[in-house]
Amino acid sequence: MSHEQPHLTSDTAIREDEIEAGRYDGAEVRAWLVNWADVDARQLQFRGTIGELKRAGGAFEAELRGLTEALNVPLGRIYQKSCSAVLGDGECTFDLDTPGYVSARAAEVVTDRRVFRFADMAGFAPDWFRHGVLKVQSGVANGLQGMIKRDIVEGDARVIELWHPLGAEVATGDLLRIEAGCDKRMPTCQFKFNNLLNFQGFPDIPGDDWTISDPTRSPRLDGGSRR
């Protein structure tokens, strides 16, 4: 169940810049029926989350999604070659604070809230941070984060480009946390993170080309590894 509810933006309540930054995406909402003479006398009427937010003319319209909305989300394991875990989660278990896999530094040159340039960021292999996460830990954009699209090495300098602009401005000097990326392939898990034991993919599952191929004579049929 879901429905839409209009509201005015206000400097003392929900501000327009906070909506633009995405700080209310997925926020929990509770609606109460309250006795105005005794606010402790109340009954919960609705509980859910904010879905799509629209802004126009100094007001915003929020889509409210009920608790049953979670039943529409596909669940379960997918059998695929790539890993289904998220780097650092309970299935992966890799510690993202491990030295060499994270860089904490101040922002230097930021373009369009999406491209971050650093004059001296040596010590990491090319593409080390691609597929990783850049998190802002101070300033107006504190708490926002973005997925890394490109990690470009230019001598000792480095350019980190996000897939999408952040929802707020990042100023020079704001503290950033840049985490190494994982492309979810088995060799990456094994050699980059030394975490093959927790790899959540199925690298030897046959592909579509194998299922439609014609029978052929094989010189080795001993049940050994196909690699």
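Side notes on the structure shown:
- Burial order of peptide ranges 91-101, 174-184, 69-79 (average beta-carbon count within 10 Å, highest first): 174-184, 91-101, 69-79
- Mean Cα-pair separation over length for region 16-71, i.e. relative contact order, pairs under 8 Å, 6 or more apart, %: 28 percent
- Oblate is the label for region 16-71. Its Cα gyration tensor axes, ordered a ≥ b ≥ c, give a/c of at least 1.5 and b/c at or above a/b.
- Cα centroid separation, region 117-150 to region 87-110 (Å): 9 Å
- Under conditions of 4 °C and 1.567 mPa s, region 102-179 yields 108 µm² s⁻¹ as its translational diffusion coefficient, taking Rh as the Kirkwood radius over Cα pairs in the Stokes-Einstein equation.
- Computed [θ] at 222 nm, helices only, for the chain once each DSSP H run of length n ≥ 4 contributes -39500 (n - 2.57): -500 deg cm²/dmol
- Semi-axis lengths (Å, descending) of the ellipsoid that matches the C-alpha gyration tensor of the chain: 42, 29, 15
- Amide H contacts of Leu64 (H built 1.01 Å from N, under 5 Å, at least 5 apart or other chain): His3, Glu4, Gln5, Gly51
- The Ala119 and Thr93 beta-carbon pair, evaluated with R₀ = 35 Å, returns a calculated FRET efficiency of approximately 0.50.
- Along principal axes, Cα extents of region 42-108, largest first, whole Å: 49, 42, 30
- Highest mean packing comes first when the peptides 157-164, 194-201, 41-48 are listed by Cβ atoms within 10 Å, giving 157-164, 194-201, 41-48.
Taken together, the values in this text are just the output of simple stated rules run on the coordinates, not laboratory data. Nothing here was measured: the structure is a model prediction, and the numbers come from that model. Every residue, glycine among them, receives a Cβ derived from its backbone with ideal geometry; neighbour counts consider all protein chains shown.
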